[in-house]
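Enquirer: Here you go, one structure.
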Amino acid sequence: MSSPDPLDFLDLDHLLSDEERQIRDLVRAWVGDNILPGIEGWFEAGEFPKEIALQLGELGLLGMHLAGYGCLGANAVSYGLACLELEAGDSGFRSFVSVQGSLCMFPIWRFGSEEQKERWLPKMATGEVIGCFGLTEPDFGSDPTHMRTAAKRDGDEWVLSGTKMWITNGSIADLAVIWAQTDDGIRGFLVPTDSPGFAASDIHRKLSLRASVTSELVLDEVRLPEDAILPEVTGMKGPLSCLSEARFGIVWGAMGAARSCFMCALEYAKTRVQWGRPIAGFQLTQEKFADMATELNKGTLLALHLGRMKDEGRLRPEHVSMGKLNNVREALQIARTSRTILGASGITLEYPVIRHANNLESVLTYEGTSEIHTLILGQALTGERAFD
Ligand SMILES: Cc1cc2nc3c(=O)[nH]c(=O)nc-3n(C[C@H](O)[C@H](O)[C@H](O)COP(=O)(O)OP(=O)(O)OC[C@H]3O[C@@H](n4cnc5c(N)ncnc54)[C@H](O)[C@@H]3O)c2cc1C
């Protein structure tokens with residue numbers, strides 16, 4: 001038997017089907033050809049190359065875990081593997097795919113009318129229509145239940161007013177899924193971004209997720225037809241079920257960023273010579289690699305287990321919280337440890353490590369902070385709610 005592959009120490013590859021491996025290899029190759037050559041420049045310039053949306057659509061990665069309406073209908077594990085490979089390139093690209101597929105297409109697919117599905121999903125699957133998801137507000141982040149954005153009835157129209165903050169894809173989106181208070185509780189609305197009264201402006205000076213668009217949305221009495229509302233869901237169940245879908249992708253994606261850091265540090269340590277020998281030969285460096293490889297393999301195994309549960313219809317939001325809490329925390333630790341192995345070189349964009357580490361700071365916060373996932377687990381374990 002050959003010795004274990006440092007990049008797949010537990011031979012998790014063996015647990016995948018041929019089709020899952022094919023999708024994984026396709027996305028890995030695409031990231032190698034299309035993301036890695038440009039990412040340092042995009043990150044430095046603070047740009048998201050919007051044209052890549054069409055390529056992601058062509059690959060079938062937009063809404064890939066949904067069935068029908070031009071979507072691929074892949075299983076959850078394949079979707080997870082795609083997220084992992086995309087985030088090994090950069091968290092910004094996995095974020096784009098998560099927002100498009102899980103936060104925008106999923107609610108239309110799950111809670112939309114047949115007309116809404118036919119109108120929006122096929123073009124979102126190709127990347128011709130870009131979506132954004134407006135839940136967070138300037139004063140309501142972890143606690144969106146008390147959001148101020150409101151939708152009022154005026155005859156047979158809806159009138160939406162409010163502000164949404166930190167919205168991925170906001171200024172490049174054609175369609176915004178906006179969550180708002182109504183007399184019946186929180187409801188979702190499909191808002192074309194060229195509607196009069198809708199404005200998006202980008203948040204600048206970010207030091208994290210720089211190759212991703214993050215915006216503020218202002219809705220100033222935006223008038224929408226009666227059928228702009230998502231008919232099949234009322235209350236926080238709507239946005240929370242979308243978040244659960246996207247968080248599932250993050251459980252996998254975080255391991256992609258971690259793998260990229262680990263690979264980079266391993267290569268570096270084998271060639272960087274101090275005291276007359278490669279730093280990979282020092283015991284303290286080897287302890288770092290042993291710990292990182294253990295967490296990387298455990299985290300990937302956890303993602304795969306959750307993926308199999310999802311495909312069997314047994315995955316609960318609390319399970320996803322455990323995955324997000326663990327895998328983002330461990331990925332960030334792996335990124336920081338890898339950074340130490342690179343020494344001073346680790347602080348530059350010449351290597352992917354500091355970029356991943358900075359990106360993972362956002363990933364730790366969005367889609368539920370680590371504190372919120374801890375509270376979700378606390379409630380699931382004890383039966384006591386400790387949020388408020
Ligand atoms: C790059 C980026 C992209 C994003 N994209 C989107 C998007 O597309 N759509 C969208 O709607 N939102 C998006 N967000 C917003 C994100 O979901 C919120 O930032 C997140 O929910 C946290 O909200 P907040 O930043 O207002 O922090 P706050 O809620 O103010 O929290 C601040 C701190 O207090 C802690 N805290 C809060 N409540 C408790 C409690 N009960 N107990 C203990 N600690 C608590 C938090 O964990 C955190 O550490 C994005 C954010 C970022 C950074």
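Enquirer: Any residue at all in segment 175-185 that's assigned to a loop (DSSP other than H, G, I, E, B) and either out of contact with any strand residue (DSSP E or B) (no Cβ under 9 Å at 6 or more places or on another chain) or at pLDDT 95 or above (or both)?
Expert: yes
Enquirer: If you don't mind, another one. Which one of Ser113, Ser195, Ser171 is within 28 Å of Gly70 (Cα to Cα) and in contact with a helix residue (DSSP H, G or I) (Cβ under 8 Å, 6 or more places away or on another chain)? Quick ask: steps written out before the conclusion?
Expert: Details: Ser195 fails: in contact with a helix residue (DSSP H, G or I) (Cβ under 8 Å, 6 or more places away or on another chain); Ser171 fails: in contact with a helix residue (DSSP H, G or I) (Cβ under 8 Å, 6 or more places away or on another chain).
Result: Ser113 is the single residue among Ser113, Ser195, Ser171 that is within 28 Å of Gly70 (Cα to Cα) and in contact with a helix residue (DSSP H, G or I) (Cβ under 8 Å, 6 or more places away or on another chain).
Enquirer: Can you name the residue in segment 201-218 that is of a type in the set (A, V, I, L, M, F, W, C) and touching a Lys or Arg at 6+ places or on another chain (Cβ under 9 Å) and is also farthest from the ligand (Cβ to nearest atom) among such residues?
Expert: Val218
Enquirer: Also: Of the residues Asp156, Asp143, only one is surrounded by fewer than 15 Cβ atoms within 10 Å (Cβ to Cβ), of a type outside the set (Lys, Arg) and within 8 Å of the ligand (Cβ to nearest atom); which?
Expert: Only one candidate qualifies: Asp143.
Enquirer: Can you list the helices (runs of 4 or more DSSP H) lying wholly within segment 280-388 that have 2 or more residues being loosely packed, with under 14 Cβ neighbours inside 10 Å and at pLDDT 95 or above? Walk me through how you get there before you give the answer.
Expert: Details: elements: 283-311, 317-341, 353-365, 370-382.
Those helices (runs of 4 or more DSSP H) span 283-311, 370-382.
Enquirer: Another one. For segment 162-174, give me each residue that is of a type in the set (S, T, N, Q) and either more than 7 Å from the ligand (Cβ to nearest atom) or assigned to a loop (DSSP other than H, G, I, E, B) (or both).
Expert: Within segment 162-174, Thr163, Asn169, Ser171 qualify.
Enquirer: While we're looking at this one, here's another question. Yes or no: Gly185 of a type in the set (Gly, Ala, Ser) and within 13 Å of the ligand (Cβ to nearest atom)?
Expert: It is false that Gly185 is of a type in the set (Gly, Ala, Ser) and within 13 Å of the ligand (Cβ to nearest atom).
Enquirer: Among the residues of segment 113-140, count how many are of a type outside the set (Gly, Ala, Ser), outside any helix (DSSP H, G or I) and more than 11 Å from the ligand (Cβ to nearest atom).
Expert: Residues that pass the stated criteria total 3.
Enquirer: Can you name the condition, by its number, that Arg119 falls short on among (1) surrounded by fewer than 24 Cβ atoms within 10 Å (Cβ to Cβ); (2) among the basic types (Lys, Arg); (3) in contact with a helix residue (DSSP H, G or I) (Cβ under 7 Å, 6 or more places away or on another chain)?
Expert: With respect to (1) surrounded by fewer than 24 Cβ atoms within 10 Å (Cβ to Cβ); (2) among the basic types (Lys, Arg); (3) in contact with a helix residue (DSSP H, G or I) (Cβ under 7 Å, 6 or more places away or on another chain), Arg119 is out only on (3).
Enquirer: Among the residues of segment 13-32, is any within 16 Å of the ligand (Cβ to nearest atom) and either of a type in the set (Phe, Trp, Tyr) or touching a residue at least 60 places away in the same chain (Cβ under 8 Å) (or both)?
Expert: Taking every residue of segment 13-32 in turn, none turns out to be within 16 Å of the ligand (Cβ to nearest atom) and either of a type in the set (Phe, Trp, Tyr) or touching a residue at least 60 places away in the same chain (Cβ under 8 Å) (or both).
The values are calculated or read from the model by the stated rules, or taken from the named source; none is laboratory data. In this text the structure is predicted, and so the values were computed from the model without any measurement. Here the Cβ is made from the backbone with ideal geometry for all residues, glycine too, and neighbour counts use every protein chain on show.
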